[in-house]
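Computed from the coordinates by the stated procedures, all read-outs in this text should not be read as laboratory data. Keep in mind it's a predicted model, so treat the numbers as computed, not measured. Here the Cβ is made from the backbone with ideal geometry for all residues, glycine too, and neighbour counts use every protein chain on show.
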Amino acid sequence: MTKGAMLYEGKAKQVFETDQPNEVIVRFKDDATAFNAQKRGSVDLKGEMNNAITTLIFEYLNEKGIPTHFIKKIDEREQLVKKVNIIPLEMVVRNYSAGSMAQRLGVEEGIKSPVTIFDICYKKDELGDPLINDHHAVFLGAATYEELDEMYELTSDINEILIDLFDKMNIILVDFKIELGKTADGKIVLADEISPDTCRLWDKDTMKKLDKDRFRRDLGEVTEAYVEIYERLKKVLNK
Ligand code: TMP
Ligand code: ASP
């Protein structure tokens, strides 16, 4: 398998073609952005940690029957994945109030929700990834109602598995965002990454934030938080 031309560069990752038409290489960068790239920076070791954390989580989800794009980790910064067409909808799940929902609703952060809250955002940088609803998604042609049903079910299953996994790490899964893609044969699979960049993770005892909010909010010890998540994950998975 050889690495070819870069197909795409995002804020935190690059995607390269390979000699296999249905496989691409994802490279994780240390670059960090927040608030639709108005805040920019870099976090030491972030690329390596997010590659390693995403690898362990996607392998674990695969074992639990969740279809993903993941094939294998190549090295510290790169992984081989199935080529997918990313569905331009960010699937956000919230178990506790935080972030944009806390702001929008005028509530404090950290309130446990009696129900699982699902948001969808339209992936469009120029618009700042706006919050939309199912009807807008269908109007935009991003997904059909049937596909949305399948996407919510998959997202919910992933949430259940991850709540349990992070609980074993003494961590509250406050909220997270995933992206789904369609493979060449039209199957909907989990793609992108699951890492401290895309989740809010709070230590159960101290409520210390162990995620990208440390960068977004200038809380310090950003690298340490990513390393801490990786170490706890390795421990519970015996890796
Ligand atoms: P929010 O509260 O800012 O809407 O974020 C909800 C969750 O989604 C949180 O875990 C962070 C994650 N997220 C991303 O992964 N990418 C993004 O661009 C945004 C805005 C949030
Ligand atoms: N990564 C996103 C951006 O740069 C937002 C975030 O994660 O807060 O806009």
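So which GluC sites (Glu not before Pro) in segment 195-231 end up in coil per DSSP with only 15 or fewer other C-beta atoms within 10 Å? For GluC sites (Glu not before Pro) across segment 195-231 that sit outside H, G, I, E and B with at most 15 neighbouring Cβ atoms in 10 Å, the list reads GLU221. Report the residue, chosen from THR206, THR54, THR155, that carries the largest GNM mean-square fluctuation when the chain is represented by alpha-carbon nodes joined by springs under 10 Å. It is THR206. Which percent of the Cα-Cα distances in the chain go past 27 Å? For the chain, the fraction of Cα-Cα distances above 27 Å is 32 percent. Shown here for segment 5-95: GluC sites (Glu not before Pro) in loop regions (DSSP other than H, G, I, E, B) with at most 16 other Cβ atoms within 10 Å, namely GLU76. The lysines whose alpha-carbon is closer than 20 Å to the alpha-carbon of LYS46, local same-chain residues fewer than 8 away aside, are LYS11, LYS13, LYS29, LYS72, LYS73, LYS177, LYS208, LYS209, LYS212, LYS234, LYS235, LYS239. With contacts taken as Cα pairs under 8 Å and at least 6 residues apart, segment 1-157 reaches a relative contact order of 14 percent. Each Cα pair under 8 Å and six or more residues apart adds its sequence gap; the mean of these over the residue count of segment 45-114 is a relative contact order of 20 percent. Of the chymotrypsin sites (Phe, Trp or Tyr not before Pro) found in segment 15-96, the ones in coil according to DSSP and having at most 15 other Cβ atoms within 10 Å of their Cβ are PHE35.
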